[in-house]
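The structure appears below as structure tokens.
Computed from the coordinates by the stated procedures, all read-outs in this text should not be read as laboratory data. Just so it is clear, the structure is predicted and the values come from calculations on it, not from any experiment. With ideal geometry, Cβ positions are generated from the backbone for all residues, glycine too; neighbour counts draw on all protein chains shown.
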Amino acid sequence: MLVAVPMDSTDVQEAKITPVLEAKTWAQLRIEEGELVEVLHADAYDAFEEWNEAVVVHSDGEPVMDFINMSMMVLVAHTQKSIDEIVEAFLFRELHDLAY
């Protein structure tokens, strides 16, 4: 599964999720068989070679219509901030669905 996350840095160890409109970079997380396999970065969520299946956003109030129109699953990381925390929450289904 390919998951896009708006981040404040390309440093995988230090980067934190950020609001969509404040993203300095986008991370594409490749999650296979219960583990993080690869992390790629791009300037925009749609700049990756492979299409993202899901996007994780910072809060419920984010502008997500573009993602919904592209049939991406939108998940919310209310308490998770780092890539490791987001991946763990994704694997254990602890990320929230978008509240309208």
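Structure values in brief
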read-out	value
Percent antiparallel among DSSP beta bridges (both partners in the chain, rounded to 5)	75
Relative packing of peptides 35-44, 7-16 - highest average C-beta neighbours within 10 Å first	7-16, 35-44
Contour minus Cα-Cα distance for Asn69 and Asp8 (0.36 nm per residue)	19.5 nm
Value at 222 nm in deg cm²/dmol, rounded to 500, when DSSP H runs of n ≥ 4 in the chain each add -39,500 (n - 2.57)	-3500 deg cm²/dmol
For the range 2-97, radius of gyration divided by Kirkwood radius, i.e. Rg to Rh on alpha-carbons	0.91
Estimated vicinal HN-Hα couplings, Hz - the range 74-84 in sequence order (Karplus 6.51, -1.76, 1.60; Gly, Pro = x)	9, 10, 10, 9, 5, 10, 7, 10, 8, 4, 4
12 Å reach of a label modelled at Glu85, 7 Å along Cα-to-Cβ, counting backbone N of the range 1-41	15-18
